[in-house]
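What follows is a set of notes on a single structure, which appears directly below.
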Amino acid sequence: MEKIEIELDRLTFERAKTLAIVNQSTLSELISHVIERLSEVQKKNDPLMGLYADVTEIVDEIVAEAMEKRGYTGSDE
């Protein structure tokens, strides 16, 4: 586990405490959950990440084919 220290204005702190209580969690658990959810949302907002996130080999094939069609080879670096 890593430890962080954050500064929040009073209203945000009170909201966080309330959310933790409502969700029957600690502030640490709440923050971890929020970060996980934001990561999921970001994946959904990125069309390529969301569409191909679980099939990286397909992305590799698409990129290789595109490079080949444009005349690039592995030795062109």
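Between beta-carbons, use under 13 Å as the cut-off and find the net charge around Leu19, counting Lys and Arg +1, Asp and Glu -1. Please list the in-between numbers first.
Numbers: positive: Arg15, Lys17, Arg37; negative: Glu14, Glu29.
Cβ neighbours under 13 Å give a net charge of +1.
What's the extension gain from Tyr72 to Glu14 if we count 0.36 nm per residue and subtract their Cα-Cα distance? Each step should come with its number before you reach the end.
Details: separation 58, 0.36 × 58 = 20.88 nm, distance 5.66 nm.
Full extension from Tyr72 to Glu14 adds 15.2 nm.
Which of Leu8, Leu30 has the fewest other C-beta atoms within 10 Å, and how do the rest follow up to the most?
Numbers: Leu8 11, Leu30 17.
The order, fewest Cβ neighbours first, is Leu8, Leu30.
Rank the residues Lys17, Lys3 as a footprinting-exposure proxy: fewest other Cβ atoms within 10 Å of their Cβ go first. Don't jump to the answer; show the numbers that get you there.
Numbers: Lys17 12, Lys3 5.
Taking fewest neighbouring Cβ atoms as first place, the list is Lys3, Lys17.
Since every read-out is calculated from the coordinates, none of them should be taken as a lab result. Just so we're clear, the structure is a prediction, and the values are computed from it rather than from any experiment. Every residue, glycine as well, gets a Cβ built from its backbone with ideal geometry; the counts of neighbours run over all protein chains shown.
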